[in-house]
Amino acid sequence: MLAAFTTRTNAEDPLSALEVGERPVPEVPEGWARVRVRAAGLNHHDLWSLRGVGLPDERLPMILGCDAAGLDDEGNEVVVHAVIGDPAWKGDETLDPRRSLLSERHQGTLAAEVVVPRHNLVPKPAGLSWEEAASLPTAWLTAYRMLFTQAQVSPGQTILVQGAGGGVATALIALGSAAGVRVWVTGRSEEKRARALGLGADQVFESGARLPERVDAVMETVGAATWSHSVKALRPGGAIVICGATSGPAPENAELNRIFFLQLRVLGSTMGTRDELGRLLGFLQTSGVRPQIDSVLPLERAREGFARMANGELVGKVVFTPGN
Ligand SMILES: NC(=O)c1ccc[n+]([C@@H]2O[C@H](COP(=O)([O-])OP(=O)(O)OC[C@H]3O[C@@H](n4cnc5c(N)ncnc54)[C@H](OP(=O)(O)O)[C@@H]3O)[C@@H](O)[C@H]2O)c1
């Protein structure tokens, strides 16, 4: 079957590690289910994988991709939950020390078919297209948990989203504003800032700009480049929720004095649970909010989508269609 995969990672030149070609059709273990993929979303995670982050050589070759929507063997329209927990684990699977994301230990979604534990299939709401549904399980689920589980934002509060065009950032803007939160956004380009306003942002700012007032919570995915600004943007007792560090993990100034003196909270966040994915799908169905799609490409042209992400050209999600 057609797949986007890697047989050798490359920390300096991740695109050189990408292969698009034939892989064996996967076996279906007991208790697992086959999904014929109709659409598969790209995430920054896939670029990290090509660099070898979280993907050691002994697990190669590995099909990339965490996000998919498709048809199971009974013909049900399903969304794939990407967090694969240990079957013995009870409770929040994101806290399971042995959990992994699709494409870390188990073959990923950028393929004609993917197999996952049956429990990881969530019904696709009829109102969502394949491309929309395939954009949700990683970036949008992460944003949902950051806002509603970790920061526990309330209607009327103000949050700052660092970065305007990213997959998680666009989800944070759309979900936050639909929930009645005042969403302020920083972005590196005029065009991305304008598109953030179109997604529901209340105000947009250049990266690092002084804000009109301090905010209740900051949503961080950028890391080193924006960390200091994020800490300075918070009111006393406010929270930074961080799920990623695209620009690097070591900020020049960690602002530790401000963190303790203003009693700020730093909350890590990773993916979300199957139940949260179900609630996210329900929220989109009832609110009419939809993921912004940057581009839809046949899986054969996966390299173009990866290059757009690597060059930081995206606004919203890149989705691949394997042609099922
Ligand atoms: N923990 C989890 O479960 C989880 C889940 C999903 C993603 N993540 C992580 O979260 C991060 C974002 O993922 P994504 O899929 O949204 O990636 P993405 O689509 O590539 O977005 C990257 C974002 O970072 C911003 N950015 C990059 N470099 C910057 C710099 N030097 N200065 C300012 N802004 C910069 C971009 O802002 P502009 O719009 O201004 O260009 C954009 O908003 C990644 O590191 C990813 O690994 C973690």
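The values are calculated or read from the model by the stated rules, or taken from the named source; none is laboratory data. Predicted, not measured: the structure shown is a model, and the values here were computed from it. Because the Cβ atoms are built from the backbone with ideal geometry, glycine has one as well, and the counts that use them run over all protein chains shown. These accessible areas exclude ligands, DNA and RNA; they are computed on the full protein's heavy atoms, side chains included. Shrake-Rupley method; radii C 1.70, N 1.55, O 1.52, S 1.80 Å.
G41 sits among other residues whose Cβ lies under 14 Å from its own Cβ, and their net charge, with Lys and Arg +1 and Asp and Glu -1, is 0. At a probe radius of 1.4 angstrom, the accessible area of the chain per residue rounds to 42 square angstrom.
Between the amide H of V215 and those of L234, R235, distances stay under 5 Å, these residues lying 5 or more places away or on another chain, with hydrogens modeled in the peptide plane.
What does the charge count near S16 come to, summing +1 for each Lys or Arg and -1 for each Asp or Glu among other residues with Cβ under 12 Å from its Cβ?
Around S16, the charge tally is 0.
Just the protein heavy atoms count here, and of the accessible area of the chain at 1.4 Å, carbon and sulfur take up 50 percent.
Put simply, the convex hull of the Cα atoms in the stretch 198-324 casts, on average, a shadow of 10.4 nm².
Along the axis of the charge dipole computed for the chain (Cβ charges of +1 for Lys and Arg, -1 for Asp and Glu, origin at the Cα centre), the listed residues A3, M146, V35 are led at the positive end by M146. As a calculated quantity, the FRET efficiency between W89 and R210 at R0 = 51 Å, using C-beta atoms, amounts to about 0.65. Of the GluC sites (Glu not before Pro) found in the stretch 1-100, those in coil by DSSP whose Cβ has at most 15 other Cβ atoms within 10 Å are E12, E27, E30, E74.
Amide H to amide H, with H built 1.01 Å from N, L267 comes under 5 Å of I240, V241, I242, counting only residues 5 or more places away or on other chains. Candidates A169, Q107, V79 compared by Cα position along the dipole of the stretch 74-187: farthest toward the positive end lies A169, with charges placed on Cβ. Phi-derived couplings, Karplus 6.51 cos²θ - 1.76 cosθ + 1.60 at θ = phi - 60°, listed residue by residue for the stretch 99-114: 6, 9, 9, 3, 5, 8, 10, 10, 4, x, 9, 7, 7, 5, 9, 9 Hz, with x used for Gly and Pro. May I ask for the Rg/Rh ratio of the chain, computed from Cα atoms with Rh as the Kirkwood radius, given to two decimals? In the chain, Rg relative to Rh is 0.96.
Under a model in which nothing but the beta-carbon of Lys, Arg (+1) and Asp, Glu (-1) is charged, the stretch 1-151 shows a dipole of about 220 debye around its Cα centre. In this Cβ point-charge picture (+1 for Lys and Arg, -1 for Asp and Glu), the chain has a dipole of about 800 debye about its Cα centre.
Figure note: T138, T149 ranked by solvent-accessible area, largest first, 1.4 Å probe, ligands and nucleic acids not counted: T149, T138. Using the Cβ of V215 as centre and a radius below 10 Å, the other residues enclosed give a net charge of +1, where K and R count +1 and D and E count -1.
Simple point charges give the picture: +1 on the Cβ of Lys and Arg, -1 on the Cβ of Asp and Glu, and for the stretch 91-136 a dipole about the Cα centre of about 160 debye. Ranking P97, G156, V122 by how far each Cα lies toward the positive end of the dipole of the stretch 40-160 (charges on Cβ) leaves G156 at the top. Among the GluC sites (Glu not before Pro) in the stretch 104-187, none sits in a DSSP loop with a Cβ that has at most 13 other Cβ atoms within 10 Å. A cut-off of 5 Å between modelled amide H atoms, ignoring neighbours fewer than 5 places along the same chain, links V222 with T246. Under the combined filter of DSSP loop state and at most 16 neighbouring Cβ atoms within 10 Å, the stretch 28-131 retains these trypsin sites (Lys or Arg not before Pro): K90, R98, R105.
Between the stretch 265-314 and the stretch 44-105, how far is it from one alpha carbon centroid to the other, in angstrom? Using only Cα atoms, the two centres lie 15 Å from each other.
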